[in-house]
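A.B. asks: Got a structure for you, written out below as structure tokens; questions coming shortly.
The values are calculated or read from the model by the stated rules, or taken from the named source; none is laboratory data. Remember, predicted model here, so these are calculated numbers, not experimental data. Heads up, the Cβs are rebuilt from the backbone with ideal geometry, glycines too, and the neighbour counts pull from every protein chain shown. Surface accessibility is based on the protein's heavy atoms, side chains included, excluding ligands, DNA and RNA. Shrake-Rupley method; radii C 1.70, N 1.55, O 1.52, S 1.80 Å.
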Amino acid sequence: MRPSQNAKDINEFNRFYNQPVEDQESFFLPSINNPNNNQLLYADCGQQTRFSALKHNQYCYVESSTGNSSELVSDSPPVDTFFADDNSMMHQGSDSCPSDMHHSPNDTYHSSGNSSCFTSDGTGLKHKLKELETAMLGPDSESLESYNTTPLAAANQISSESGKWVDMMEMMPNGDLKQVLIACAKAIADNNLVTAEWLMSELRTVVSVCGSPIQRLGAYMLEGLVARLASSGSSIYKSLRCKEPTSVELMSYMHLLYEICPYFKFGYLSANGAIVDAMKEENTIHIIDFQISQGSQWITLIHALAARPGGPPRIRITGIDDSTSAYARGGGIEIVGRRLSSIAASCNVPFEFHPVAASCSDVEIEHLKVRRGEPLAVNFALVLHHMPDESVGTQNHRDRLLRMVKSLSPKIVTLVEQESNTNTVQFFPRFLETLNYYLSIFESIDVALPRDHKQRINVEQHCLAREIVNIIACEGAERVERHELLERWRSRFLMAGFNPYPLSSSVNATIKTLLENYYQSYTLDERNGALYLGWMNRDLVASCAWK
């Protein structure tokens with residue numbers, strides 16, 4: 001990992017204000033919600049990792065151990081497991097955990113595992129499915145013969161499914177892990193459980209959290225498929241806690257992702273730049289942040305405003321965050337206020353912090369303490385996609401929040417969201433969208449960290465796996481990761497009465513300078529007053545502003 005870029009980021013942000021600043025704080029990503037739950041899904045123990053499925057809960061979990069060995073194992077807990085020891089999902093192939101740091105993005109769309117892992121021999125289908133059925137449902141469950149009413153009919157169905165599987169594998173590119181994942185999701189979408197279970201048994205021999213990008217992503221995608229069949233996706237999403245790491249450890253994973261990939265840094269700096277531009281003539285500023293997390297976004301803003309010609313304005317921040325984020329912070333939202341107050345005092349910036357410990361869906365105007373005549377900025381950074389809309393239920397909090405904010409007459413509203421379409425899309429196209437979107441993110445991590453880096457597995461498990469499983473396995477109100485493309489967000493803002501606030505050229509220049517520190521495959525595009533950050537021409541994060 002290269003040295004921290006904090007000081008460089010701040011200097012770039014402030015070069016338009018003609019005064020250097022010095023930053024001694026660390027940056028952290030927004031926290032993951034981790035409600036108190038005694039059932040641990042993921043356990044962090046460094047390099048060794050295994051997947052299992054608890055029979056009584058019917059969902060998978062990643063468990064790691066603190067050993068120094070890079071060999072992956074499948075050490076089952078003392079209950080029936082979905083993944084048998086001799087056929088571990090975390091199968092360690094001869095090339096699944098190379099130690100080289102950089103890998104060509106062009107080589108990451110196909111599994112680096114042995115292509116012979118995908119077998120087209122259908123003779124053992126019934127036996128394997130029976131093993132799979134027993135592991136998932138227990139020895140007393142109904143047998144596969146229940147698919148039809150007679151043993152002969154069941155045998156015919158097995159034979160038919162076996163023939164379909166042989167034909168399917170012959171049509172696929174040899175050993176193409178991405179295509180097999182797609183075929184498995186299609187089988188589930190078509191309610192073809194025999195084929196789906198067989199494909200899952202094949203997939204778990206080649207996916208690996210220490211392999212190529214598609215192998216690593218495939219491990220979490222497969223976990224989502226298993227959870228979907230077991231209806232346990234919501235439990236996984238709520239239980240993902242990583243063996244009770246301390247707040248410092250959890251934030252270090254987020255910080256590492258923040259440093260190696262520019263997505264969050266891009267969003268924060270572009271939003272801050274828009275706020276500074278809109279408030280350049282104001283002596284007081286009230287910022288409402290609808291997901292304050294650790295408050296890291298506002299460190300560069302405080303420093304930039306401290307360097308403003310003529311002196312800094314008085315800053316008041318209303319930070320909104322529910323109680324589950326206390327786990328990542330190591331305490332309540334007041335910790336954020338004390339941290340930001342200390343930074344502001346060191347910069348001689350008048351500062352006030354107002355905490356609102358509540359879910360965004362529950363926020364009302366009276367919580368925000370807006371003062372008459374006070375210039376207002378509102379920040380929606382990677383939060384609105386968690387709000388349910390009209391597709392989920394009768395309460396459309398997504399649009400309600402926008403209308404409520406508009407009624408406050410803010411000078412500027414900033415929006416940062418992932419450029420992905422998973423909100424109202426049906427399961428199979430949503431699976432395809434998730435696969436392609438997160439494959440780009442896993443590829444970008446691949447060029448920044450070696451595959452055997454002891455913290456890379458932690459970063460992907462703690463910061464990415466949780467939302468992947470939720471998108472694939474959950475439906476209705478239980479699916480809280482509901483991304484929309486910027487064009488859909490644009491329609492929502494326009495319907496709420498907002499007008500676009502184009503980002504300034506100085507903000508665009510800052511982001512372009514930022515990207516010079518990263519791999520050349522990152523792209524930056526400006527369209528219709530918004531900025532899009534992408535990987536190999538796939539848009540991943542969009543940033544825009546409104547008034």
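A.B. asks: With labels modelled as points extended 7 Å from the Cα through the Cβ direction, what inter-label distance (nm, one decimal) is found for ASN517 paired with GLU374?
C.D. replies: Those two pseudo-labels are separated by 3.3 nm.
A.B. asks: Hey, another quick one. Report the net charge of residues surrounding ASN537, where surrounding means a beta-carbon distance below 15 angstrom and charges are Lys +1, Arg +1, Asp -1, Glu -1.
C.D. replies: Working: positive: ARG527, ARG538; negative: GLU419, GLU443, ASP525, GLU526, ASP539.
Combined, the nearby Lys, Arg, Asp and Glu give -3.
A.B. asks: For the full complex of protein chains and a 1.4 angstrom probe, list LYS411, LYS178 by accessible area with the highest value first.
C.D. replies: LYS411, LYS178
A.B. asks: On to the next question. In segment 266-296, whose amide N lies under 15 Å from the spot 7 Å out along Cα-to-Cβ of ARG314? List them in ranges.
C.D. replies: Residues 282-287 fall inside that zone.
A.B. asks: Whole-Hz Karplus ³J(HN,Hα) for segment 496-511, in order, using 6.51 cos²θ - 1.76 cosθ + 1.60 and θ = phi - 60°, x for Gly and Pro?
C.D. replies: These are the phi-based 3J(HN,Hα) values: 7, x, 7, 10, x, 10, x, 5, 6, 5, 5, 5, 4, 5, 4, 5 Hz.
A.B. asks: Moving on to the next point. In nm, to one decimal, how far is the modelled label at GLU282 from the one at GLU478, with both set 7 Å along Cα→Cβ?
C.D. replies: Result: 4.3 nm between the two label points.
A.B. asks: Would you mind checking LYS265/LYS369; LYS369/LYS547; LYS280/LYS411; LYS265/LYS512; LYS406/LYS547 for any pair whose Cα atoms are more than 18 angstrom apart?
C.D. replies: Correct reply: LYS265/LYS369; LYS369/LYS547.
A.B. asks: Between SER212 and residues 5 or more places away or on another chain, which pairs have amide H atoms under 5 Å apart, with H built 1.01 Å from N, and which residues are they?
C.D. replies: Here the answer is SER112, since their amide H atoms fall under 5 Å of that of SER212.
A.B. asks: Can you compute 3J(HN,Hα) from phi for each residue in segment 372-388, using the Karplus curve 6.51 cos²θ - 1.76 cosθ + 1.60 with θ = phi - 60°, rounded to whole Hz and x for Gly and Pro?
C.D. replies: With the stated coefficients, segment 372-388 comes to 4, x, 8, x, 10, 10, 10, 10, 10, 9, 6, 10, 5, 5, 7, 7, x Hz.
A.B. asks: List the residues whose amide H sits under 5 Å from the amide H of ARG314, counting only those 5 or more places along or on another chain, with H placed 1.01 Å from N in the peptide plane.
C.D. replies: THR284, ILE285
A.B. asks: Let me ask something else. ARG398: net charge of surrounding residues, Cβ under 11 Å, Lys/Arg +1, Asp/Glu -1, itself excluded?
C.D. replies: +1
A.B. asks: Gain in length, ASN348 to SER409, computed as 0.36 nm per residue apart minus the alpha-carbon separation, to one decimal in nm?
C.D. replies: 19.1 nm
A.B. asks: Roughly how much of MET387 is accessible, in Å² to the nearest 10, using a 1.4 Å probe?
C.D. replies: 10
A.B. asks: Run the simple label-point estimate for ARG488 and SER506 please: 7 Å along Cα→C-beta, distance reported in nm.
C.D. replies: 3.5
A.B. asks: A further question on this structure: What is the calculated FRET efficiency for PHE427 to ASP525, with r their C-beta to C-beta distance and R₀ = 45 Å, to the nearest 0.05?
C.D. replies: For PHE427 and ASP525, the calculated efficiency is 0.90.
A.B. asks: Okay, moving on. Can you list residues from other chains, or at least 5 along the same chain, whose modelled amide H is less than 5 Å from the amide H of THR422?
C.D. replies: Result for THR422 returns HIS483, GLU484.
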